[in-house]
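The structure appears below as structure tokens.
The values are calculated or read from the model by the stated rules, or taken from the named source; none is laboratory data. Note that this is a predicted model, so its numbers are computed, not measured. Here the Cβ positions follow ideal geometry from the backbone for every residue, glycine too, while neighbour counts run over all protein chains shown.
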Amino acid sequence: MDKEVPLTTFIKKSNSKKSDETKMEKRINKVADLIDKEQLKTWLWDAANILRNRVDYMPYILTLLFYKRLSDVYEDEYKEVYERVFNQMKEKLGDEKAKKIAEIEAKKKSWHKYQIPEDCLWERVKNTPVNIGEKLNEVLMKIEEHNESLRGLLTRVDFNRKDVLPDQKLKQLIDHFDRYRIGKNVSPDLLGEAYEYLVEQFALTSGKKGGEFFTPKEVVKVLVRILDPKDYEEVYDPACGTGGMLITAYYHIKENGGDLKKTKFYGQELNDMTYVIARVNMVVHDIKNADIRQGDTFLSPHFTEGGRLKKFDVVLANPPWNDKNLKGLEENIKRAPFSGDRFPFGIPPLGTSADWLWIQHMLASARDDTGRVGVVIDNGALFRGGKEKDIRAKIVEKDWIDTIIALPEKLFYNTGAPGVLIIFRKNKPDNRKGKILFINASQDYEEGKRQNKLRPQDIDKIVDAYNDFKNIDGYARVVSLEEVRENDYNLNVTLYVTPIIERDEVDIGEVWSKIETLEDERGSLKAKIEEYLKELQVI
């Protein structure tokens, strides 16, 4: 293993020691200039703007951010140990011996969460004069080799693409990142929020592509507050994207005083780069009990227990909506592990939406006693016919559908369609059995130029209605399963709850008076124009 960097790499022996120490202190103390949250977000977005219109910038920016964080934290850890040991030893042993002992101690693996070889520190790489991309690739590969838990997280991006990332552009980007330290002084919560902000901005500017991996955080917050994960439970997302739902669940437990050491989080994601971003997202947020796997959830579910499909307390997801591109996988799905357990109500034929396949997998992954399931899905899943209707009817008759929530339009980045939240419970409380709560939240939102947004009061209103489980005129209604049967298992929310839309009262007399006034003004103007035309001898 390469020799780890001693502090004397930065605090040099010789007559230049004082100036070098001052330089390092200035570098470390720069953090005081930064980091409030808004500054950090601006700094990251400015980094993204350096690469925009040149390359798919998000993987590059997030990888450099992660690398800079690893290097800065390593330096901070080293400095803390070195200074503590040096100060303890210098009076007994003198400066030189104390310095050597401090260097040996500060290099020990036990003081560092991640091992960064000396020649891989940010300070070394930032001064690379030429072939910067090649150097970055080598450094990131070497860091992975020294850290088993980081394998595959730093080397999915090729920085040595001179056609889109010439040395000049990479140098500009590295200089920008060098402006601030993001070591131990920056909390995981703060850095994690900035990381997710960057992912969200990418989703916002990427249209449909962005919506495939990112769910608006307000929608996620509604789902998580309703499902209410506890600190002794296990949470699972079978289509986890960049991990936002699991992270929101983590903070929900934290904000409610839960013991985060007890909770476990699981996710599976098909897309290679999105999977990497999800894993890094967990590291950046310092979520230790997270297990993120890559693979096709339908064909190869990764989480098992005792030779069977693993069960969870909370299952939540925003899977691909109305996905009809299973590419002839119907027979493969039937032969996939635990297919009979996961899809007991049937597999829709090729060319049919996969919405109820996702829902069945999620239900099969939920515990029979504590299991709560929440899915963000296409509105059409509520009323489409054929095989989908057959599956929907069977799940209705199992009495597992707890609540259906109609959302406003234009909340999502990849579609203007409104979408719905469906909440399932394997074991409903007695007062909710044989009933489904319908909530029509389609009219409550803040309108934006590109995207609409749920406001805090809109989120509270939905959650309160869910918890109260009672009729609210124009907003919520408790419906019996018998009524659903009478409607042929159509679960379209507007069939059960029609929103009350307030309209301005019209004073007919006042309107007519305004019309007459306008007509009088029109006649007067016409007369004046005719006079002018006569003077000009036009008429």
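Couple of notes before you dig in:
- The one condition from (1) modelled with pLDDT under 90; (2) out of contact with any helix residue (DSSP H, G or I) (no Cβ under 7 Å at 6 or more places or on another chain) that Lys108 does not meet is (1).
- When region 390-427 is filtered for residues that are of a type in the set (Lys, Arg) and surrounded by fewer than 16 Cβ atoms within 10 Å (Cβ to Cβ), only Lys398 remains.
- Selection within region 53-79: residues that are touching a residue at least 40 places away in the same chain (Cβ under 8 Å) and charged (D, E, K, R). The member of this set that is farthest from Tyr195 (Cα to Cα) is Lys79.
- Test set (1) crowded, with 18+ Cβ neighbours inside 10 Å; (2) part of a helix (DSSP H, G or I); (3) of a type outside the set (Asp, Glu) - Val479 fails condition number: (2)
- Annotation: Gly374 fulfils all but one of (1) surrounded by fewer than 19 Cβ atoms within 10 Å (Cβ to Cβ); (2) over 20 Å from Ser480 (Cα atoms); (3) small (Gly, Ala, Ser); the unmet one is (1).
- Odd one out for Phe312 among (1) more than 25 Å from Arg225 (Cα to Cα); (2) surrounded by 21 or more Cβ atoms within 10 Å (Cβ to Cβ); (3) of a type outside the set (A, V, I, L, M): (1)
- Residue within region 321-344 that is in contact with a helix residue (DSSP H, G or I) (Cβ under 8 Å, 6 or more places away or on another chain), closer than 19 Å to Leu246 by Cα and either at pLDDT 95 or above or not aromatic (Phe, Trp, Tyr) (or both) present: no
- Within region 150-171, residues that are over 25 Å from Lys113 (Cα atoms) reach partners that are of a type outside the set (Gly, Ala, Ser) and crowded, with 20+ Cβ neighbours inside 10 Å with beta carbons closer than 6 Å, at six or more positions or on different chains, in the pairs Phe159/Leu136; Asp167/Ile132; Leu170/Ile132.
- Asp259, sole failed condition from (1) in contact with a Leu (Cβ under 8 Å, 6 or more places away or on another chain); (2) outside any helix (DSSP H, G or I); (3) surrounded by fewer than 17 Cβ atoms within 10 Å (Cβ to Cβ): (1)
- In region 361-416, the residues that are assigned to a loop (DSSP other than H, G, I, E, B) and basic (Lys, Arg): Arg367, Arg384, Lys398, Lys410
- Within region 297-309, if we keep just the residues that are surrounded by 15 or more Cβ atoms within 10 Å (Cβ to Cβ) and not hydrophobic (A, V, I, L, M, F, W, C), the residue that is nearest to Gly244 (Cα to Cα) turns out to be Thr297.
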